[in-house]
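First up is the structure itself, then whatever we jot down about it.
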Amino acid sequence: MRLPVPWLAADPEAPFPPPEQALAEPDGLLAAGGDLSPARFLNAYRSGIFPWFSEGEPILWWSPARRAVLRTDGVHLSARLRRRLRNSGWSVRADTVFAAVVDGCAAPRDGQSGTWITAGMRTAYLELHRLGHAHSIEVFDAGDRLIGGVLGLAFGHVFCGDSMYSAESGASSLALAILARRLRSWGWPLIDAQVPNPHTRRLGVDVWPRADYLAALAQLRDLPLAPGDWRERFGIWPAAALGEAARDGLRV
């Protein structure tokens, strides 16, 4: 496949092209090739770049001109959903069933025949999780069954949300709301949501110019964070915590 973008060198430590060189159409396509090693993966995210491709395609790297960003004090859930969740008996944890969340995110959605979380991406996520960089935010029902979650990477004071899924309506929204509340308590101001879509727009995503996102990223990415498991640090949060968030003045 011939693409009008640079092909990455074999060295996983090699720098990416500047994000400003990304194509306007398709929006954000920056480079191709390389691998999904932890070093290259982390270098990409720290540079405002992420992989997105389908099985059978080369690895494609993106940095769109319009970036979806969610402030950790700005998640919006409808009053109706908040009431239902508070009485649901659901709870939220982190990093207890990481592989299951990856598989849930990889499952084809209604009307889709494939997934961008290929076998290679799954392997990369599992290795990043083993190294303490990738995390899952997990929603369990009252019977302790996994019903949804959020998948992403953390470094500095940045959480990059890669994917989310719900086996029960509202589960991924709850995961994102509790994640935002927890990150806010740690002093982390934003969640990178990569590309806006109707669902994340309803949750409060803002769309920033790439330059604004890169400027914020540069300020946050080198703040201290020791890689590691988030189970104890994150804790176990009942869905009823959304009521406490409202009393604290958060939109969630």
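Per DSSP helix of 4 or more residues, -39500 (n - 2.57); summed, then divided by the residues of the chain. What does that give at 222 nm, rounded to the nearest 500?
-9000 deg cm²/dmol
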message: With a 10 Å cut-off between alpha carbons and a GNM built on the chain, which of LEU30, LEU131, LEU153 moves the most?
response: LEU131
query: Using θ = phi - 60° and the Karplus curve 6.51 cos²θ - 1.76 cosθ + 1.60, what whole-Hz ³J(HN,Hα) does each residue of region 51-67 get, with Gly and Pro shown as x?
result: x, 7, 7, 10, 4, x, 9, x, 5, 10, 10, 10, 8, x, 5, 10, 10
query: Where is the GNM fluctuation largest for the chain (alpha-carbon springs, 10 angstrom cutoff): GLY34, GLY56, GLY104?
result: GLY56
field: Paramagnetic label zone (point 7 Å from Cα along Cα-to-C-beta, ALA100; backbone N under 19 Å) in region 141-174
entry: 141-152, 163-174
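Based on a Kirkwood Rh over C-alpha pairs, give the Stokes-Einstein translational diffusion coefficient of the chain at 25 °C and viscosity 0.890 mPa s in µm²/s.
133
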statement: In whole Hz, the Karplus estimates of ³J(HN,Hα) for region 225-230 (6.51, -1.76, 1.60; θ = phi - 60°; x where Gly or Pro) are 7, 7, x, x, 5, 9
- request: Compute the separation of the alpha-carbon centres of region 60-125 and region 143-189 and state it in Å as a whole number.
  value: 7
- prompt: Tell me, what ³J(HN,Hα) does each residue in region 90-99 have, in order and in whole Hz, if you take phi through Karplus 6.51 cos²θ - 1.76 cosθ + 1.60 with θ = phi - 60° and put x for Gly and Pro?
  reply: 6, 9, 10, 9, 9, 6, 8, 9, 4, 4
statement: If one compares the long axis through the Cα atoms of helix 119-130 with the longest principal axis of the Cα atoms of the chain, the angle in degrees, nearest 10, works out at 60
query: What's the extension gain from LEU131 to GLU168 if we count 0.36 nm per residue and subtract their Cα-Cα distance?
result: 10.3 nm
ARG145 versus GLN21: modelled label distance in nm, points set 7 Å from Cα along the beta carbon direction: 5.1
SER169, SER136, ranked by accessible area, largest first (probe 1.4 Å): SER169, SER136
query: If you build a Gaussian network model of the chain, linking Cα atoms that sit under 10 Å apart, which residue out of SER37, SER47, SER88 swings the most?
result: SER88
field: Local net charge near ALA9, Cβ-Cβ under 14 Å (Lys/Arg +1, Asp/Glu -1)
entry: -2
- prompt: For region 168-232, what log10 I(q)/I(0) values come out of the Debye formula at q = 0.15, 0.20 1/Å, with one point per alpha carbon and no solvent?
  reply: -0.61, -1.03
- request: Throw me the Rg/Rh for region 1-133, computed over C-alpha atoms with Kirkwood Rh, two decimals.
  value: 1.02
- line: Per the 1/(1 + (r/R0)^6) rule, R0 = 41 Å and r from the Cβ atoms of ASN87 and ASP206, FRET efficiency to 0.05 is 0.85
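The values are calculated or read from the model by the stated rules, or taken from the named source; none is laboratory data. Small disclaimer: the values here were computed from a predicted structure and weren't measured. We place every Cβ from the backbone using ideal geometry, glycine too, and count neighbours over all the protein chains shown. Surface accessibility is based on the protein's heavy atoms, side chains included, excluding ligands, DNA and RNA. Shrake-Rupley method; radii C 1.70, N 1.55, O 1.52, S 1.80 Å.
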